[in-house]
Structures are given as structure tokens and as C-alpha cells.
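The values are calculated or read from the model by the stated rules, or taken from the named source; none is laboratory data. In this text the structure is predicted, and so the values were computed from the model without any measurement. Here the Cβ positions follow ideal geometry from the backbone for every residue, glycine too, while neighbour counts run over all protein chains shown. For the accessible areas, the whole protein counts, side chains as well, though only heavy atoms, and no ligand, DNA or RNA atoms are used. Shrake-Rupley method; radii C 1.70, N 1.55, O 1.52, S 1.80 Å.
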Amino acid sequence: MLADLDLLLTIVYCLTDDFLPQRAGNAKRRVTDAEIVTLAIAQAIMGLPSDPRFIQVADKRLRHLFPTLPSRDAFHKRRLRLERQIEALIGHFARQSSGFTDDLMLVDSTPVECAASKQTVKRGGISSLGGALGDAADYGYCASHSRLFYGFRLHALFACDGTPRALALTSPKIDEKLVCLQMLARCERQPGQQVILIGDKNFRGKDFETELAKLNATILRPRRKDEKGHGPHLAPIRQRIESIFWTCKDILTLERHGARTLHNLRVRLCARFAALAAGVMLNHQLGRPSRSLAAYTA
């Protein structure tokens, strides 16, 4: 079967239509909730963060799948109202991938920048919006790039095939070990399943390892310079999560989210990871490499 955008969106629409609860009929609503969600995932996988530009492209590229397209304003408003449903679909798609039951998971985080600085946000007038990013974002430090950033930090648990298992968007000043414990506590697992986490050097500490043990988990990480002995060689598998984040940044435009409010940022990020989960799910069914998403972008 040919892996292309039409196939992905058809499967996403069918699964979404079955998953979403039935709503009361509305004669004025010509586009269903399932179609709005599918369009949001199409926008993410096609790498078009601008709503007006996406609607223009969809009018030419997706008209055979969507005889009626919403206006830009209607698409924006209904996508916001469907944020919780889009977030729930990440898990719904992930459950149909083999990586959802893996006992080996990768943990890491990446910056989600919102502007060059808080002053940049204010000059744009964005801080006057209700729930503006400037009211919630903060300064953080990205050690891998040795630079400061202004925005949020996205924490994630992934299976090795790229299946998202748990996500959290937080202030960059919150301890990533605490966020890791919270994500692991709500990560859906088999009863009594033991989990091995692979993280970076900062996931250390006796208290942290004790709390992990209470959650039936252990952590493997590289050895720090101030620690004796030789740690495990984790570079090849650690590179996997860097590759997953790069897929999100390159194909799914994670860094070019285009959001100006916190609510809009959340729904745009949810749509991107729903697209990732759907792509991994379909690739497993077609026998393709799990994170090979290029075929679905056009």
C-alpha cells in the first residue's frame, strides 16, 4: 500500500470519527469535529504553522478529501475548543503502536521558544492578550546549545520507535527530575510492569532513584565527570531521542509553532504529537521505518 498524505489523513479521520463522542446536530455546522481534528493534524504534518496559508494550501491539495473547508477564523476557534480531544488522540494513536508496551523508554526535554526575550513579546502587544505567552513563559538555559532561551521546556517520554508515551510543558525553571517522576506516574503501563528509563547525566540523585523504584522504574544514564568508574555506553540509544526531537522540529515545525497564547500553544503542540503518533502507527502497519514521515508531508 502506498504511504502518502491521503492515506494517513483517511486513517486519522476514521479513527478520530470513531473516537470522538457524538454531538448534537447543528444545521449551521457543515464541517464535523473529526474533520477539524484531521485538518489540524494535516497542518502539522505538512509543516504549515500559519493558519491562513494552510487553508489556502488545503483548498488546492486537500479539496478531494474535504469538500467543505472552514474559514481561517472558524478553524482556529474550533481547534482550540477541541484541544482536550486532540490531546487524548495522542494516546489513542500510540496504543496501536508496538512501542506503547515497551519496557524501555527515553526521557529528555527540549526548549520551546516563544520570543527572543520577554521585552520582544511585550513590544508585539501580545502581553495584552488573555492567557498570553508572556504571562507564563520564563527564561531558561539550554545546556546542549550553551545558550539562554525565553519560553517553555517540553518534557517527553518516548518509546524507542518514537511513540510518545507522556508529555509535559513546563516552565524552564522546574526541575526535570520532578517532571520525569510526574510523567512516569501517569504513563499508561501494564500492571506491575518494570520500566527502564534512559536519560542524560542530570537524572541523578539517591532521592530521585528511590522515587523511581516506587514507580517500578530504574534509570540508566552516562557517568558524570565527578563520578568514579565507567558508566554504560549509551550514546547510540541516547541519539534516538535527539533524532525524535529533530523529527518534531524539522518536519512537524515544533520550533515554529506560531502561537501567541498559552491555550493556542498547547493545542498546536498536541496536534504535532498526534501527527507523530499517527505517523508511527501507520508506518508500523505498513512495515516502514517508524519515524519515516517524509512521505506524508505533501
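Using a 1.4 Å probe on the protein chains only, how many percent of the accessible area of the chain belongs to carbon and sulfur?
Of the solvent-accessible surface of the chain, carbon and sulfur hold 51 percent.
Placing pseudo-labels 7 Å out from each Cα toward the beta carbon at Lys225 and Ala185 gives an inter-label distance of 3.5 nm.
For region 1-86, the calculated P(r) over all alpha carbon pairs, in 10 Å bins from 0 to the bin holding the longest distance, is 16, 55, 27, 3 percent. According to the calculation over all Cα-Cα pairs in region 219-298, the P(r) per 5 Å bin from zero is 3, 12, 18, 17, 14, 12, 10, 8, 5, 1, 0 %. Taking amide H positions as modeled 1.01 Å from N, with prolines and chain starts lacking one, the residues under 5 Å from Leu220 and 5 or more places away or on another chain are Leu197, Ile198, Gly199. Hey, how many Å between the Cα centroid of region 218-252 and the Cα centroid of region 68-108? Centre-to-centre (Cα) distance: 26 Å. Given Lys228/Lys249; Lys173/Lys201; Lys177/Lys214; Lys173/Lys249; Lys77/Lys173, which pairs have Cα atoms separated by over 26 Å? In this structure, Lys228/Lys249; Lys77/Lys173 exceed 26 Å between Cα atoms.
For region 206-253, what Kirkwood radius comes out of the mean inverse Cα-Cα distance, in Å? Numbers along the way, then the final one.
Values: mean 1/r = 0.0755 Å⁻¹.
One decimal place: 13.3 Å for the Kirkwood radius.
Phi-derived couplings, Karplus 6.51 cos²θ - 1.76 cosθ + 1.60 at θ = phi - 60°, listed residue by residue for region 247-258: 4, 5, 7, 7, 7, 8, 6, 4, 7, 10, 6, x Hz, with x used for Gly and Pro. Per-residue surface analysis assigns His284 an accessible area of about 70 Å², computed on protein heavy atoms at 1.4 Å probe radius.
Pairwise over distinct Cα atoms, reciprocal of the mean inverse distance: report the Kirkwood radius of region 135-174 in Å, one decimal place. Before the final figure, lay out each step's value.
Values: mean 1/r = 0.0882 Å⁻¹.
So the Kirkwood estimate lands at 11.3 Å.
Full extension from Leu178 to Leu80: what is 0.36 nm times the residue separation minus their Cα-Cα distance, to one decimal in nm? Please report the intermediate quantities before stating the final value.
Working: separation 98, 0.36 × 98 = 35.28 nm, distance 2.87 nm.
My answer for the length gained is 32.4 nm.
Scanning residues 5 or more positions from Ala115 or on other chains, those with amide H under 5 Å from its amide H are Tyr150, with H placed 1.01 Å from N in the peptide plane.
Building the convex hull from the alpha-carbon atoms of region 156-250 and averaging its projection over directions returns 7.1 nm². Could I have the simple spin-label model distance between Arg147 and Asn202, label points 7 Å from Cα toward Cβ, reported in nm to one decimal? With each label point 7 Å from Cα toward Cβ, the separation is 1.7 nm.
The heavy atoms of Glu209 offer some 90 square angstrom of accessible surface to a 1.4 angstrom probe.
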